[in-house]
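Student: To start, I am sharing the structure in question, which I have written as structure tokens.
The values are calculated or read from the model by the stated rules, or taken from the named source; none is laboratory data. What you are looking at is a predicted structure, and each value in this text was computed from that prediction instead of being measured. Please note: Cβ atoms are built from the backbone with ideal geometry, for glycine as well, and neighbour counts cover all protein chains shown. What goes into the accessible areas is simple: the full protein's heavy atoms, side chains included, and nothing from ligands, DNA or RNA. Shrake-Rupley method; radii C 1.70, N 1.55, O 1.52, S 1.80 Å.
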Amino acid sequence: MTEAMTHGAAAPTVAGTAARRESPPSMIERMTLILDAFNGPTARLTLEDVARRTRLPRSTAHRILDQLVKQRWLAHHSFGYGLGQRALGLGGQDGGHGKIREAAAPLLHELQVTTGLVAHLAVLDGAEVFYLDKLGGRLAASVPSRVGGRAPAHCTALGKAMLAWLEPEQVDALLGDNISRLTSRTIGELGTLHQELHRIRRRRGLAFERGESFPGIACVAAAIRGDEGPVAGISLAGDIRTPLENVAPLVVTAAREISQILFPGSAAGTGRPRARRAPGRTSEEPTWSPETLNRLVAVDGRGTWM
């Protein structure tokens, strides 16, 4: 009887200990569990992944994830959650940006040398683009962007090129109801932006802007994509009078090549695996004829890209 009572009294203690282990009492412990679930700078986890790894209730995990995203300990991408700038800064990591820069560097250099324009590499960080690289030669000083700098995504060709491959609901969540105008040409309404993103998708991912982020600057961009969505974007920028239609095929071809370097065999953005280059060729030929490009890109009477 005494032994049975002893076992009976001990059972709640064991169960209580297990319950406390599965549901840490303090918010700090729960936050730590979630951050520890990301075992590398490039790790991407869904809400279900986080709940399973931490053994936290899904609603609790979701609430804490939202707070961590707001404070930039985590970042919410189209393909899940990843470590944010604060977490990566403390650990000396770069969120996989180094890998993207390494893959893009030779093609970015080739674009800049071939065209003489300013070449950019950027990633989408919330409602902004974050510049990872800039190559510009003599024109660099005339384009007011910088490595480590930011710009509103809806104002730039780079941002629009990446936003175009997100679900409309994700765009709404990132940008909110009010989007600001930087110039008289900036898109200032969410509905108009969605129309622009639709046109970008119809142009096979080519995005343009003329004076939307900086007066007098024009830009053409394309996204670097994996099967789960955009991971970065590249662009060429120059004077607003620059004939961007001439360099657009080079940008989209370079973006496809970088995508295949980062995601070998991925069909995203290409429709087929990357073809091997013929001996003696230094670059792939543009995949579009001038006639095709003219049909894809329309200009209204004011010279504004549609």
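Student: Among the residues that make up segment 90-99, is at least one of them surrounded by 15 or more Cβ atoms within 10 Å (Cβ to Cβ), touching a Gly at 6+ places or on another chain (Cβ under 9 Å) and either assigned to a helix (DSSP H, G or I) or at pLDDT 80 or above (or both)?
Tutor: no
Student: Also: Could you check, for segment 41-53, whether at least one of its residues is part of a strand (DSSP E or B) and modelled with pLDDT under 90?
Tutor: Within segment 41-53 (the criterion being part of a strand (DSSP E or B) and modelled with pLDDT under 90), the answer is yes, since at least one residue qualifies.
Student: Given the conditions (1) part of a helix (DSSP H, G or I); (2) at pLDDT below 80; (3) surrounded by 14 or more Cβ atoms within 10 Å (Cβ to Cβ), report the number of the one that residue 103 does not fulfil.
Tutor: So the condition that residue 103 fails would be (2).
Student: When segment 174-188 is examined, which residues are found to be at pLDDT 85 or above and aliphatic (A, V, I, L, M)?
Tutor: 174, 175, 182, 187
Student: Which condition breaks for residue 108 when tested against (1) buried (at least 17 other Cβ atoms within 10 Å of the Cβ); (2) assigned to a helix (DSSP H, G or I); (3) at pLDDT below 90; (4) not small (Gly, Ala, Ser)?
Tutor: Of (1) buried (at least 17 other Cβ atoms within 10 Å of the Cβ); (2) assigned to a helix (DSSP H, G or I); (3) at pLDDT below 90; (4) not small (Gly, Ala, Ser), only one is false for residue 108: (3).
Student: Another question, then. For segment 207-245, how many residues are among the acidic types (Asp, Glu) and surrounded by fewer than 17 Cβ atoms within 10 Å (Cβ to Cβ)?
Tutor: Residues meeting the conditions: 3.
Student: Any idea which of (1) in contact with an Asp or Glu (Cβ under 9 Å, 6 or more places away or on another chain); (2) open to solvent by 50 Å² or more (accessible area, probe 1.4 Å); (3) modelled with pLDDT under 85 is the one residue 58 doesn't satisfy?
Tutor: Unmet condition: (3).
Student: Given the residues 240, 187, 179, 224, which is the only one that is touching a Lys or Arg at 6+ places or on another chain (Cβ under 7 Å) and β-branched (Val, Ile, Thr)?
Tutor: Criteria check complete, one pass: 240.
Student: Within segment 211-226, can one find any residue that is of a type in the set (Lys, Arg) and out of contact with any helix residue (DSSP H, G or I) (no Cβ under 6 Å at 6 or more places or on another chain)?
Tutor: Checking segment 211-226: not a single residue is of a type in the set (Lys, Arg) and out of contact with any helix residue (DSSP H, G or I) (no Cβ under 6 Å at 6 or more places or on another chain).
Student: Sort out which residues of segment 179-203 are in contact with a Leu (Cβ under 8 Å, 6 or more places away or on another chain) and either in a loop (DSSP other than H, G, I, E, B) or open to solvent by less than 20 Å² (accessible area, probe 1.4 Å) (or both), and write them in order of number.
Tutor: 179, 187, 193, 197, 200, 203
Student: Could we say that residue 172 is assigned to a loop (DSSP other than H, G, I, E, B) and either within 23 Å of residue 244 (Cα to Cα) or not polar (S, T, N, Q) (or both) here?
Tutor: It is false that residue 172 is assigned to a loop (DSSP other than H, G, I, E, B) and either within 23 Å of residue 244 (Cα to Cα) or not polar (S, T, N, Q) (or both).
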